[in-house]
Amino acid sequence: MASNRHLSRIISLQSLFEIVFCEFQLKGEKLAKADKLKRAEEVVERNVGEFASGEQNKEFALSIAKGVIESEDKIDAIITPAAPEWPIEQIALVDLTILRMAVYELLFSKEDIPPKVAINEAVELAKAFGGPRSSKFVNGVLGTIYRSSDRYNPEDDKKKMSNS
C-alpha cells in the first residue's frame, strides 16, 4: 500500500506540475480554480493510465491534486513566511509543487497522514525530481511549517535526540 501511495504522490506531482507549468507559460495569467480542478481530473486520469493502475492510486492522486488546487492560496500563505528569502514566484516550480503537496498533506488533508511521512515523502520527491539542493530546501521549509503548526509534538524532537 505504501508504494502505491508513493506512486500516487508522483502522479500528483506530475499532474500538478503540468498545470502550474501551463500557467507559467501563460506569463502569469492564473487559470480559474474550476478550470484547474477540471484539468486536474483529466491530467491525473491520463497519468494514472500511463504510469499506474488501480482505483486506489487514482483516488489518492486526485485527492491530493484537487486538495492542493482548492487550498493553494492558504498553502502559499503558509509557505511564504517559512521561506522568507524565497518569494513564491522565485521558488523552482517543481519545488513549489512538492511544498504545496506536503503542506496540503500536513495541514489540510482529511486523511490522517503522519507528519514524518508527509515530510519524508516530499523530501524523496525533491531528491528524485528537484535540483541538487531541493531536498534540503524542502526539508527545511516543511520543518519550519510543521514546528509552527498545531500538529507539532515537541516530544518527537526529544525522541529523535535520544535515538542519536
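Within the group PHE60, PHE108, which residue is more than 22 Å from LYS136 (Cβ to Cβ), of a type in the set (Phe, Trp, Tyr) and modelled with pLDDT of 95 or more?
The match here is PHE108.
Return a yes/no flag: does segment 46-54 have any residue that is in a helix (DSSP H, G or I), at pLDDT 95 or above, in contact with a helix residue (DSSP H, G or I) (Cβ under 7 Å, 6 or more places away or on another chain) and surrounded by fewer than 22 Cβ atoms within 10 Å (Cβ to Cβ).
no
Across segment 13-27, which residue is surrounded by the fewest Cβ atoms within 10 Å (Cβ to Cβ) among those that are under 23 Å from GLU124 (Cα atoms) and either modelled with pLDDT under 95 or out of contact with any Leu (no Cβ under 9 Å at 6 or more places or on another chain) (or both)?
Across segment 13-27, the extreme among qualifying residues is PHE21.
Across segment 55-90, what is the total count of residues that are over 20 Å from ILE113 (Cβ atoms), among the hydrophobic types (A, V, I, L, M, F, W, C) and in a helix (DSSP H, G or I)?
Qualifying residue count, segment 55-90: 2.
Could you grab me the full set of residues in segment 105-156 that are in a helix (DSSP H, G or I) and among the charged types (D, E, K, R)?
Of everything in segment 105-156, those that are in a helix (DSSP H, G or I) and among the charged types (D, E, K, R) turn out to be GLU105, LYS116, GLU121, GLU124, LYS127, LYS136, ARG147, GLU155, ASP156.
What are the residues in segment 9-51 that are hydroxyl-bearing (Ser, Thr, Tyr) and touching a Ser or Thr at 6+ places or on another chain (Cβ under 9 Å), if any?
SER12
Going through segment 55-85 one residue at a time, which ones are charged (D, E, K, R), surrounded by 16 or more Cβ atoms within 10 Å (Cβ to Cβ) and under 15 Å from SER109 (Cα atoms)?
Hits for segment 55-85 are LYS66, GLU70, GLU72.
What's the number of the condition LYS30 fails, among (1) surrounded by fewer than 18 Cβ atoms within 10 Å (Cβ to Cβ); (2) within 12 Å of the chain's Cα centre (by Cα)?
Checking LYS30 against (1) surrounded by fewer than 18 Cβ atoms within 10 Å (Cβ to Cβ); (2) within 12 Å of the chain's Cα centre (by Cα), the one that fails is (2).
Looking at segment 114-130, which of the residues that are under 13 Å from VAL94 (Cα atoms) and either in contact with a helix residue (DSSP H, G or I) (Cβ under 6 Å, 6 or more places away or on another chain) or at pLDDT below 95 (or both) is surrounded by the most Cβ atoms within 10 Å (Cβ to Cβ)?
ALA122
Name, by its number, the condition in (1) buried (at least 20 other Cβ atoms within 10 Å of the Cβ); (2) charged (D, E, K, R); (3) modelled with pLDDT under 75 that does not hold for ARG9.
It fails just one condition, (3).
Inspect all residues belonging to segment 124-142 and state whether any of them is among the basic types (Lys, Arg) and over 16 Å from ARG9 (Cβ atoms).
yes
Just to be sure, is THR97 out of contact with any Lys or Arg (no Cβ under 8 Å at 6 or more places or on another chain), over 19 Å from PHE60 (Cβ atoms) and hydroxyl-bearing (Ser, Thr, Tyr)?
Taking the combined requirement at face value, the residue does not satisfy it.
Taking the options ALA92, ALA77, name whichever one is small (Gly, Ala, Ser) and free of Cβ contacts under 8 Å to residues at least 12 places away in the same chain.
The unique qualifying residue is ALA77.
The values are calculated or read from the model by the stated rules, or taken from the named source; none is laboratory data. Computed from a predicted structure; not experimentally measured. Ideal geometry is used to build each Cβ from the backbone, glycine not excepted, and the neighbour counts take in all protein chains shown.
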